1. For A:Glu219 and A:Leu395 in one chain, what is 0.36 nm times their gap in residues minus the Cα-Cα distance, to one decimal in nm?
2. What percentages make up the Cα-Cα pair-distance distribution of the range B:277-432 when the bins are 5 Å wide from 0?
3. Just the number, please: carbon plus sulfur as a percent of the accessible area of the protein assembly as shown, 1.4 Å probe, no ligands or DNA/RNA counted.
4. Using the Karplus curve 6.51 cos²θ - 1.76 cosθ + 1.60 with θ = phi - 60°, work out ³J(HN,Hα) for each residue of the range A:343-357 in order, rounded to whole Hz, and write x for Gly and Pro.
5. Looking at the range B:231-253, which residues lose a minimum of 20 Å² of accessible area between their chain alone and all protein chains in place, measuring with a 1.4 Å probe and not counting ligands or nucleic acids?
6. So if we plug the beta-carbon distance of B:Lys430 and B:Lys43 into 1/(1 + (r/R0)^6) with R0 = 25 Å, what FRET efficiency do we get, rounded to 0.05?
7. All other residues with a Cβ under 11 Å from the Cβ of B:Tyr420 taken together, and with Lys, Arg as +1 and Asp, Glu as -1, what is their net charge?
8. For B:139-151, what's the mean count of beta carbons from other chains sitting within 10 Å of each residue's beta carbon?
Amino acid sequence: MASSMLSLGSTSLLPREISKDKLKLGTSGSNPFLKAKSFSRVTMTVAVKPSRFEGITMAPPDPILGVSEAFKADTNEMKLNLGVGAYRTEELQPYVLNVVKKAENLMLERGDNKEYLPIEGLAAFNKATAELLFGAGHPVIKEQRVATIQGLSGTGSLRLAAALIERYFPGAKVVISSPTWGNHKNIFNDAKVPWSEYRYYDPKTIGLDFEGMISDIKEAPEGSFILLHGCAHNPTGIDPTPEQWVKIADVIQEKNHIPFFDVAYQGFASGSLDEDAASVRLFAERGMEFFVAQSYSKNLGLYAERIGAINVVCSSADAATRVKSQLKRIARPMYSNPPVHGARIVANVVGDATMFGEWKAEMEMMAGRIKTVRQELYDSLVSKDKSGKDWSFILKQIGMFSFTGLNKAQSDNMTDKWHVYMTKDGRISLAGLSMAKCEYLADAIIDSYHNVS
Amino acid sequence: MAMAMMIRNAAASRRAMTPISGDFGGGLRSMSSWWKSVEPAPKDPILGVTEAFLADPSPDKVNVGVGAYRDDNGKPVVLDCVREAERRLAGSTFMEYLPMGGSAKMVDLTLKLAYGDDSEFIKDKRIAAIQTLSGTGACRLFADFQKRFCPGSQIYIPVPTWSNHHNIWRDAEVPQKTYHYYHPETKGLDFSALMDDVKNAPDGSFFLLHACAHNPTGVDPTEEQWREISQLFKAKGHFAFFDMAYQGFASGDPARDAKSIRIFLEDGHHIGISQSYAKNMGLYGQRVGCLSVLCEDAKQAVSVKSQLQQLARPMYSNPPLHGAQLVSTILEDPELKSLWLKEVKVMADRIIGMRTTLRESLEKLGSPLSWEHVTKQIGMFCYSGLTPEQVDRLTSEYHIYMTRNGRISMAGVTTGNVGYLANAIHEVTKSS
């Protein structure tokens, strides 16, 4: 091997300046000829330098997306996937909204081109998404005080905001709920924004630790970013009441913090777009400056198309213009400009009164199915469990997820014994539960709760 | 300077911030904004050109700025193979999240384009590859990966290069160095200076190479030169990262356009590649691309892929589906693939034709300068040699829009505007 490589030098392909010394074996550093490899069936010469990536170990499976992968591999016929939060019909099939199919057909007929969107995304989408969130005609929109950029669904929108925080608020911390969606921490870590937690979930009540939450928000250094779930908290399903939201807004203002909303379920939680935006609108009424990340993965079923937005509410139109320009500067070296397909679907659906009405109906239907299945699960638990344990938290929680209160060992039991796939924090996705499976699930939960510690 | 100021200002203004006070019965009280220190960002040099073009009311305006293909009527093109793929996909009921690594099918088909249909590396599963947000996303993930796993490393970037390359490695916090590439005197490749820089770089450096149709110059090494570069890279143990955004689009022949990569593979390099379907399949806005890293063995490829996914997850979780489906539909159907290859050749040929016409027009006008480079360069762009001042004149006097480095997007040149363009260029250069 080595000799055949050295012979290349004689064909004068190497510049004359390279001395023969460089080709000697045994020199220190990365000598490319040091380690000869031979592959009998391959005639080409092989690189002999050790790989730069030698020390790279396997990354751990993603705690959420890894669940679906494990579920797929399970052959048991009773298996139930309550892992990732993707809506399923009663037949446990994925659901593409009719209004989405309509919009896609319209787009197909129109023969839209596939040109680059501007860095900030599709203008019609940005307009629609801000109006959905704040209400068309809201002062923040009329006064052009919202910087809106189309983002790669919720994740991408959060990441843009995190990068902006890192750049313009060096040292500022984001305070996130304990627990929160698993990817929040990854996002702030990779964006190099320090974070800490505020108490949120109370395992004793399987409800909100409101005192702890307020206290921790008060404790945070002035000017911290407070990450709030606009509705349908992920993973717990536990939302503050309207009165509690008022107090949260009070303490945030008192401490001069910046609210940062993650709104992944607008319309999907209660079935009503306006109702689910109430917390965000409360803060807007207060005249505060804040961030809101949005996603259309669940409420329009556009999971795969990665459509969302980051909105920054500013105190002036000038500030909004500047902020928008800097968000673009962050997006450009990340992906240049966002994908068009999902944006067009949203713009078409929201822009047409009929389709918008149809969307609202389908959203009510999806939210309704989840409410119904919650009730069915609760009824099954109450009728089967004779211990007197209070299962009403199932009904109090809202949105796609329910925090069952099961610990890791109990969650493992759910999977290992009952083939029920969920995340290890005790979160189940009700969107993956059918009426038909409620009794089976109730059995599994009761068994895990009482017989495993 | 500006950034440091902004940071100091941000810290100062935060300390000085008074809490928002008073009741909120209605309307906004005057308040200090969190965003005082946020300066307006400079316009992106490339995408800003199109914005300015769109705002220009002149009927004569010509956009030879951004690199998006236009037909001879100056209209954006959706390839027939793409339209057909759209029709086939219509009514699809699959909208679920792709895995973090994207569509496995699309990735596999894409690797075949770059590495060859019968590539041993694909068979041996030695390539860590994921679907990315077009070429930008692929470069960015590689830059982040490089930062995380080779933290002391730098990236050598050619001069000039696509301006976003600098942004990408900067935001990934990988220090940048440059290497000679373009020779202004010849408007060709400064090969000896390039080789000097490759030789003088510390052993085991990371180099960014444009596989074909260099952006913005259109100047590519010859096959012979690529072989020399590869040999020198081997002697130095350098890592080659190829940005291939124009496969098929440069010469009209995808295999030929991948030649540089094939040479490096034959010579045994373990390379990285960014691939994009923005231009060659006209899927610009769909953001479809692929990042691949050739590893020592299948086991390492699995590890590397898992780490690439780890970088993607907190950036966008998983990539968009639609464009990937279009690519798969086209490439896995022999008829559609064959149609695609024909259409790519049509695009490449039209551009080559426009290069010839532009050069001939300038020569006919009696230009004192040589315009040989217009036909020697390849791909979407022509590095005209125009100075920023000349470009400014083209814009202000003739409403011709291009980036200030004198880069002309040949895709924006048509039989309808080539005469006007030639005349304008002649006017601003005839006294130089």
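1. Contour length minus the Cα-Cα distance gives 60.2 nm.
2. Per 5 Å bin, starting at zero, the Cα-Cα P(r) for the range B:277-432 comes out as 1, 8, 13, 14, 13, 10, 11, 10, 9, 6, 4, 1, 0 percent.
3. After summing per-atom areas, the C and S share lands at 53 percent.
4. Using θ = phi - 60°, the values come out as 4, 5, 4, 4, 4, 5, 5, 6, x, 10, 4, 5, 5, 4, x Hz.
5. The answer is B:Gln231, B:Leu232, B:Lys234, B:Ala235, B:Lys236, B:Gly237, B:Phe239 - residues whose exposure falls by at least 20 Å² when every protein chain is included.
6. 0.25
7. After counting each charged neighbour, the total is -1.
8. 2
The values are calculated or read from the model by the stated rules, or taken from the named source; none is laboratory data. A quick note: this is a predicted structure, and the numbers were derived from the prediction, not measured. Because the Cβ atoms are built from the backbone with ideal geometry, glycine has one as well, and the counts that use them run over all protein chains shown. Just so you know, the surface numbers come from the protein's heavy atoms only, side chains and all, with ligands and any DNA or RNA stripped out. Shrake-Rupley method; radii C 1.70, N 1.55, O 1.52, S 1.80 Å.
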